[in-house]
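Throughout, read-outs are computed from the coordinates displayed, never taken from laboratory work. Since the structure is predicted, the reported quantities are computational estimates derived from the model, not experimental observations. Positions of Cβ are generated from backbone atoms using ideal geometry, with glycine treated the same way; all protein chains shown enter the neighbour counts.
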Amino acid sequence: MRAVMSGSDMGRALRRIAHEIVERNRGTGGIIVVGIRTRGGPLADRLVAILEEVEGAAVASGILDIGMYRDDLDQRPRTVLGPTEMPSQIDGKTIVLVDDVLYTGRTIRAALDALADLGRAAVVQLAVVVDRGHRELPIRADFVGKNLPTARDEHVMVRVAEIDGEDGVWIEGPQAREEGSAA
Amino acid sequence: MKHLLTMEGVDRATLASLLDDADEFYEVMHRPIPKVPALRGKTVATMFFEPSTRTKLSFERAAKALSADTLSFSPGTSSLKKGESLKDTVLTVKAMGADLMVVRHTSTGAAWRVAEWTDLPVVNGGDGAHQHPTQALLDSLTLRQHFGSLDGLRIAIVGDIRHSRVARSDVFAFNTLGAEVTLVAPPTLLPPDLTGWPATASNSLDDVLTEVDAIYLLRVQAERGGASVFPSVAEYRERFGMTDARFNRLKPDTIVLHPGPMIRGIEIDGGVADDPRCKVLEQVTNGVAVRMAVLFQLLGGSKDA
């Protein structure tokens, strides 16, 4: 297992992303920052905290569980659902989706479907800590913490303190996982 | 979990995961677009060999809200009238592409037989006087929503326990989730032997009235012989009915549940049925949510996992 971002790297990346969000949207008016469960949730909370500090105004947020929208339900053992908590009205708003890793794009596809069922956002943007490539759908991120070239059989792990007890990004090869050292 | 056939022996973690998922589907039901694509391409067959309004509609509503297709079977208009066997009927519906069957039948164990014959996931939608597991789930969800947890709750189930698949399902679910259950009925409407029932029994509603957190009223079931075992409807109401007078003696936070259909004037007075502490309509809404959770768990995962 190889560390590719330390906790402080990750903190700086989130801070930069927050500034890019403000710059792109000329402020934070009409923005809803929406984390995708599970790790997108605390990451969205941190972006909201930085955005509020930078702009000095409250920023709306939400959390989206995409378990009911997956296209691979048949291939998974059991999908555990979590709560979706969104502001009651998203019509006309700018949604910033937040996730830990952008890989095939299928999670984001599911999240876009879930959002469409909740209303008609004016704009949807995507912020991720790591973009590891290998897209299977025409989806890209607007804000990226780190572009990380990977092989398909490698495993990228983003850890966040609220869930995993520490911040940082690690990559591990296929052999490492066979030896059972995966966390 | 491959099937949902009974509440007997289902562990607490399984019940909790179904209720947790049901909470999420409850939220879906209250969205402007109350539909998710989770079971797109799946077909749910509702095989009701015994009359039902709410359970059948509720399963169909649940399947459609998950984007599954439904095949609906009713005995009145079917080839059963021409002498086709139960086995041939369900195999025919399987051959049409059903991925899951909901089975209601007057005979105990019918759903188990259908599961053997078809090798499909089967949900027991009520078998005779035996089991009705999704009713127990929706009742548990209603209690959990109101009280936060069933742990330590005292619940009285009142009425025709002997002929009731609802009571047989509820006692196991309520007990597993931590509640204390008292069965209240005249001796003729209690099961002859309470061995194996995780509950105590009483012959007097008035004795337990002021001590319980929830009262679960059962319907007097004429079609299962329930009317012939007590002298008159008036006497039943007098001793076991939730009259306005009894309702006023309950603790102020005690709630009343009923599986429906309610017979006003026998087991429940009209004033009680219309009171906000009577949760019948919440139970109906929760029925759709728990059935979504059951269908999602039985059809949403891979078969070999």
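Residues of region B:230-252 falling in the label zone of B:Ser204, defined by backbone nitrogen less than 15 Å from a point 7 Å along Cα to beta-carbon, are B:239-240.
Note on B:30-43: average number of Cβ atoms from other chains within 10 Å of each residue's Cβ is 3. Close amide H pairs (under 5 Å, H built 1.01 Å from N) link A:Val98 with A:Val34, A:Gly35, A:Ile36, A:Ala127, residues at least 5 positions away or on another chain. Exceedance of the 24 Å cut-off in Cα-Cα distance is limited, within the set B:Lys56/B:Lys87; B:Lys2/B:Lys42; B:Lys35/B:Lys94; A:Lys93/B:Lys35; B:Lys56/B:Lys251, to B:Lys35/B:Lys94; B:Lys56/B:Lys251.
Taking every residue in A:56-68 and counting other chain Cβ atoms within 10 Å of its Cβ, the average works out to 2.
Across chain B, the longest run free of exposed loop sites, meaning trypsin sites (Lys or Arg not before Pro) lying outside DSSP classes H, G, I, E and B with no more than 16 other Cβ atoms within 10 Å, spans B:41-276.
Output the 0 to 90 degree angle, nearest 10, between the alpha-carbon long axis of helix A:40-55 and the longest principal axis computed from the alpha carbons of chain A. Compared with the principal axis, the helix lies near 40 degrees. With neighbour counts taken as other beta-carbon atoms within 10 Å, the residues B:Met96, B:Met29, A:Met5 rank, fewest first, as B:Met96, B:Met29, A:Met5.
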